[in-house]
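Chemist: Following this message is one structure expressed as C-alpha cells.
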Amino acid sequence: MRPKKSILCVDDNEQILSVRSFLLETRGGYRVSAVTSPQEALDIIANALPGAFDLLLCDLLMPGMDGNELVRRAKELHPNLPAMIVSGTVTAFERASRADAFLPKGACSPVELLERIRILVARKRGPRKNSFPAPPPHAGAAALAHQAAAS
C-alpha cells in the first residue's frame, strides 16, 4: 500500500478548515495537517524535511499574512512544494500570485477541488516510470521480440 499524500491546510476560519480537512481526509484519502495561522504554517514548513508535504492549501485573506505571502515564503524554503490558494473574495490583482492553482471558494464543487488537488500532487510526483526497462541502444529487432516475449 502506498503512503498517504500529505497536505498542509491553512485557513483562519476554523469551521472552514474543519470541513475542508474532513473532505480531504475522507473523500481524498489525504493526511491533513490543519493550522489556523500562516505563521504557524511557515514554522511547520521551515522545520519539515523536503517532500514532507505534497501540497500547501491555503486561504487568500488571513490576518497577519495573506496567502500570496505565505506561498512566496513557503516556496523560498521548499521550491518544489505545490501550492493552491482558495478565496471567497477575488480581484484580478490578487489572482497574480505564486500559487500553482487558484480556486474561488463556493464557485467550485468538492469534487472539482479534489480533482485539482490530485493533479497538483501528481505533478509533484512526476511522470510514472515504465515498468519495462528500455532496450540497449544497440539492440535489434530480435532483442526487442525477446523482451516482448519475456513479459
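Throughout, read-outs are computed from the coordinates displayed, never taken from laboratory work. Since this is a predicted model, take the numbers as computed values, not measurements. Reconstructed Cβ throughout: ideal geometry from the backbone, glycine too, with neighbour counts over all protein chains shown.
Chemist: How much net charge surrounds R116 when only the other residues with a Cβ under 12 Å from the Cβ of R116 are counted, with Lys and Arg +1 and Asp and Glu -1?
Modeler: Surrounding charge for R116 is -1.
Chemist: Still on this structure, please answer the following. Which order do the peptides 76-82, 99-105 come out in when sorted by mean C-beta neighbours inside 10 angstrom, highest first? Please report the intermediate quantities before stating the final value.
Modeler: Details: 76-82: 14.7, 99-105: 18.4.
The packing order, highest mean first, is 99-105, 76-82.
Chemist: With a 10 Å radius around each residue's Cβ, average the other Cβ atoms per peptide and rank 51-61, 109-119, highest first.
Modeler: Highest mean packing first, the order is 51-61, 109-119.
Chemist: Which loop-located trypsin sites (Lys or Arg not before Pro) does segment 1-84 contain, where loop means any DSSP state but H, G, I, E or B and the Cβ has at most 13 other Cβ atoms within 10 Å?
Modeler: For trypsin sites (Lys or Arg not before Pro) across segment 1-84 that sit outside H, G, I, E and B with at most 13 neighbouring Cβ atoms in 10 Å, the list reads K4, R27.
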